[in-house]
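Have a look at the structure below, then the notes.
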Amino acid sequence: MRLGGDLCCQWGYAVTVDNLQAIVVAVDFTRDSLEAVRTAFVIGRQAESRLHLLHVVHEVTTEASPPQKKKEIKKVLRPVLEVAAESMRAFVKEHDLAKLAKQFKVGLETVVAHGVPASQIIHTAKKVKASMVVVGYSGTSGIDNLLMGATTEKILQLADMPVLVVRAR
């Protein structure tokens with residue numbers, strides 16, 4: 001993939017490679033998210049961007065949950081977040097992403113968070129002042145498609161920056 005000066009999408013965003021200093025890439029450790037990461041590397045290479053690989057552990061609590069319930073959830077969530085962080089380290093190592101980042105002159109940061117995935121992805125993107133969010137999409141069928149489709153759709157609804165949805169080949 002070779003990029004020129006501007007990337008344009010159907011919603012009227014004009015993204016120049018010069019303003020792609022930060023890109024958030026949603027990672028769920030699948031082949032589809034690996035393809036999203038690879039695509040983000042190619043895009044990020046043009047501007048020597050910093051990629052923020054983000055995995056979100058879905059938290060079932062809501063703001064309306066009683067404080068005691070929130071404490072119980074956080075207690076249970078802590079080991080899950082540790083496993084997710086280890087999975088992220090393994091994902092980066094398995095696919096030589098640190099080496100690829102150096103080769104492409106792209107910064108690389110991994111983030112593991114918890115919450116509602118779409119909301120947390122957009123929250124993180126705003127926090128790091130990302131110019132773009134990249135997500136993988138498999139186009140699977142059944143319940144997986146319903147859940148992934150719903151998350152991707154929600155990201156598109158919430159985002160005030162371009163979102164690139166990448167399909168694995």
In the range 88-97, which residues are surrounded by fewer than 17 Cβ atoms within 10 Å (Cβ to Cβ) and either under 17 Å from the mean Cα position of the chain (by Cα) or under 20 Å from residue 58 (Cβ atoms) (or both)? 89, 90, 95
Which listed residue, of 47, 64, is surrounded by 19 or more Cβ atoms within 10 Å (Cβ to Cβ) and either of a type in the set (D, E, K, R) or modelled with pLDDT under 90 (or both): 47
Pairing a residue in the range 100-115 that is in contact (Cβ under 8 Å) with a residue 60 or more places away in the chain with any residue that is exposed (fewer than 15 other Cβ atoms within 10 Å of the Cβ), where Cβ atoms lie under 6 Å and the two sit 6 or more apart in sequence or on different chains, gives 105/48
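The values are calculated or read from the model by the stated rules, or taken from the named source; none is laboratory data. Just so you know, these numbers come straight off a predicted model, no measurement behind them. Neighbour counts are summed over all protein chains in view; Cβ atoms, including those assigned to glycine, are modelled from backbone coordinates with ideal geometry.
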